[in-house]
Amino acid sequence: MEKSGHSGLKLTIVAAILAFSLIPLFGLGLFFHIQFTEAFEEKITRTLRIMVEDKRNVVDMFLNENVNQLRNIAYTHTYKEMSDSDYLAEVYQVLAATSNAFVDLGVFDASGEHVAYTGPYKLSGLNYADQEWFQNVMTKGRYVSDVFLGHRRFPHIIMAVKRQEGVQTWILRATIDSEMFTDLVRGSQLGEFGDAFLVNQNMELQTQSHGAAGVMEKAVLPRQGRFPGFRMVEFVENGRQMIAGVTWLQTKNWMLVVAENPEEALSPLVGVRWRTFGIVLAGALIILTGAVLTASTMIRQLNEYDRRRAESDAALMQSSKIASLGKMAAGVAHEINNPLSLIRESAGWIQDLLTEEDPEAIKNFGEIEDSLAKIDKHVERARNVTHRLLGFARRMEPMQENVNLNALVDQTVAFLENEALHREVTVERRLDSNLPLVTTDSAQVQQVVLNLLENALDAVNSQGRIILQTGYDDREARISVQDNGCGIPKDMASKIFDPFFTTKKTGEGTGLGLSISYGIIKKMGGRISVESEPGAGSTFTIHLPLAAEE
Amino acid sequence: MERIRLLLVDDEEEFVNLFVKRFNMRNLDAFGVTSGRAALGYLAEHPVDVVVLDVKMPGMDGLAALGEIKKRFPTVEVIMLTGHGSLKSGVEGMSLGAFDYVLKPFRIDDLLDRIRKAAERKRLMGE
């Protein structure tokens, strides 16, 4: 059904609806996506910054406090006391009771000799004069080392302070509990893939990281020079994209790194992203379904209209064919009747003349009379034929019945209502409820009203207005079809009822409509009048006599 | 009884001639012309009781001639002849004042009947 000429239109309608609905929908989806992403990234940055700054303060405070504590011990005890290993063990016991930062304590003299030691390693008696930390603490007075192997061949961090006790210079050193220090750096606020660690300026790990690299190895992190404040860094760890907040400690040349897996951090955003996508997809599907349904409905109505119009065109054509056939039949009958009359009169005259003759004197009198009778008989036969033809022609003439013109207008408008709706044309009815019944042929009047209405629809194009009005006076009933369309140019007004005259484009109008309409109404004893103002519209009025003609 | 004075009007001359002869033979005082104008001219100069008038003629057609005859010679009765077979012109003629109408082709005795009735009516109206 829908294959008829409108499939292209259907595609156009669907495409137009989709384009005008989906573009804003996708735009909105994209806008929300960008807004959410920006908001989340900002939130992650803010959270990381707070975490990094908090942790830096904690680590700085830890280092400061413990160096100070070590210094306090060195300055409240003499070298003599501290070089006694038992005494040193007692001091460590007291220290361990308040702080679990240190795993051991050691005392060194100025030549680097390890004078006393308390702790898990066997380090007494070794000389440290050539160790880097020893040289640093001798020159700086206090020192916190990077991770190094040292004599114990195990990565560790030490802090040491120097005391000048009269002529005696000695050093108190402690090893930081690396497990405890790593926990301190990591804290407890990190997610499954989150990580926090310290690196020195060579990007060597100072505390354990979740990454493959162990302590003292290079961290998988782009090298960062010392900078003030906070910075965001992206890197890949174990094939996983990570974002990190980094900052340099104030007490030590270490950089604190707090890393998060964006997938984890952004997981709520991923949820929002999928939901947005789902809503957009559902919206698109609904719009698509709506577009297809709307287009199908419109095309179905168009096809229905096409079908009806084809039917009415065919009916109009049929009636015009029958009308011309009737006219032809009447013409033929008339042309034959005249010679028939002459034949009959000629034969009649011979008959008349024969009455004055003596039948006895004419040899073939009987034959002549017979032949004259035959002529008359066959003239009668031909006459019956022509009168039957005339009877047929008469049947083409209007039927007479009592017609309610208001109902007829209603029916006719209903016929074109869809088309008017489709073209956004308003069809108004102003029907006179007192209109008397009119004796006429309703089918033919309806055809004429339909024809005028179709012309009006063509004249107004879209968004026009058509007014159908009925009325009467003591002589005639009227149906008028008024439009606010293009009107009829003055020079054409006299030709509009001519057969084949049309203002429509070739192929759109046959030009028979108005001339046939005029013929139909004229045959009923009525007429069609027209008033038109070019540019303002036209009014066609059908006038039908109230009294029956015959 | 006085002879009926009959005027036949038809554009076919042979037809008119035949009729005139046949009606004269039937004891009518018949005369024929071949146009509406000629009929009016004849009527102006001769007394006529009944006019038999063909509807379809070139120039002034039967209905126009009927209107003119009824206007100028109201006492003359007119019978319309129509070959069209359409009741319409016959009825129209009646409404314009014709006495009767006859469809072609007809039998002369039918027409003669009507002519006699028309003449009778004219005679009665004249009294």
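Bear in mind that the values in this text are calculations on the coordinates, not laboratory data. Please read these numbers as outputs of a predicted model, since none were measured by experiment. Note that we place each Cβ from the backbone using ideal geometry, even for glycine, and neighbour counts take in every protein chain shown.
Numerical summary
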| item | result |
| --- | --- |
| MRE, 222 nm, helices only [DSSP H, n ≥ 4, -39500 (n - 2.57), over chain B, to nearest 500] | -15500 deg cm²/dmol |
| Shielding by partners - mean other protein chain Cβ count within 10 Å, residues of B:113-121 | 0 |
| Shielding by partners - mean other protein chain Cβ count within 10 Å, residues of B:5-18 | 2 |
| Reciprocal mean inverse distance between Cα atoms of the protein assembly as shown - Kirkwood radius, Å | 38.0 Å |
| Over 32 Å between alpha carbons, listed pairs A:LYS55/A:LYS122; B:LYS71/B:LYS117; B:LYS56/B:LYS122; A:LYS80/A:LYS218; A:LYS10/A:LYS495; A:LYS10/A:LYS522 | A:LYS55/A:LYS122; A:LYS80/A:LYS218; A:LYS10/A:LYS495; A:LYS10/A:LYS522 |
| Cα radius of gyration and Dmax for chain B (Å) | 13.0, 37 |
| Ascending count of other beta-carbon atoms within 10 Å, so fewest first, for A:VAL385, B:VAL76, A:VAL185 | A:VAL385, B:VAL76, A:VAL185 |
| Proxy reagent accessibility, fewest Cβ within 10 Å first, across A:HIS543, B:HIS46, A:HIS387 | B:HIS46, A:HIS387, A:HIS543 |
| Estimated 222 nm signal from helices in chain A, with DSSP H stretches of n ≥ 4 weighted -39500 (n - 2.57), rounded to 500 | -18000 deg cm²/dmol |
| Selected from B:LYS71, B:LYS117, B:LYS56 as most flexible by GNM, with chain B as the system and alpha-carbon contacts under 10 Å | B:LYS71 |
| Ranked A:TRP248, A:TRP274, criterion: other C-beta atoms within 10 Å, fewest first | A:TRP274, A:TRP248 |
| Percentage relative contact order, chain A, counting C-alpha pairs under 8 Å, at least six apart | 10 percent |
| Rounded to 10°, Cα long-axis angle of helix A:365-395 versus longest principal axis of chain A | 30 degrees |
| Over the stretch A:77-176: Kirkwood hydrodynamic radius from C-alpha pairwise inverse distances, Å | 13.5 Å |
| Angle between chain A longest axis and helix A:513-523 axis [Cα atoms, degrees, rounded to 10] | 40 degrees |
| In degrees, nearest ten, helix A:7-76 long axis to first principal axis of chain A (Cα) | 10 degrees |
| Candidates per GluC sites (Glu not before Pro) in the stretch A:269-359, loop by DSSP, up to 13 other Cβ within 10 Å | A:GLU356, A:GLU357 |
| Hull-based mean projected area of the stretch A:401-545, where the convex hull spans the alpha carbons, in square nanometres | 8.2 nm² |
| Selection from B:PHE23, B:ILE4, B:GLY62 lying farthest towards where the dipole of chain B points positive, charges on Cβ | B:ILE4 |
| Furthest towards positive pole of dipole, A:VAL379, A:VAL445, A:SER312, structure part the protein assembly as shown, Cβ charges | A:SER312 |
| Dipole magnitude of the stretch B:1-80, debye to nearest 20 (Cβ charges: Lys/Arg +1, Asp/Glu -1, about Cα centre) | 200 debye |
| Dipole-positive endmost among A:SER99, A:LEU281, A:PHE227 within chain A (Cβ charges, Cα centre) | A:SER99 |
| Within the protein assembly as shown: Cβ-based charge dipole about Cα centre, in debye rounded to nearest 20 (Lys, Arg +1; Asp, Glu -1) | 880 debye |
| 10 Å Cβ neighbours from other chains, averaged over peptide A:343-352 | 5 |
| Longest DSSP-loop-exposure-free segment, trypsin sites (Lys or Arg not before Pro), chain A, at most 16 other Cβ within 10 Å | A:227-362 |
| Dipole magnitude (debye, nearest 20) for the stretch A:401-545, charges at Cβ of Lys, Arg, Asp, Glu | 300 debye |
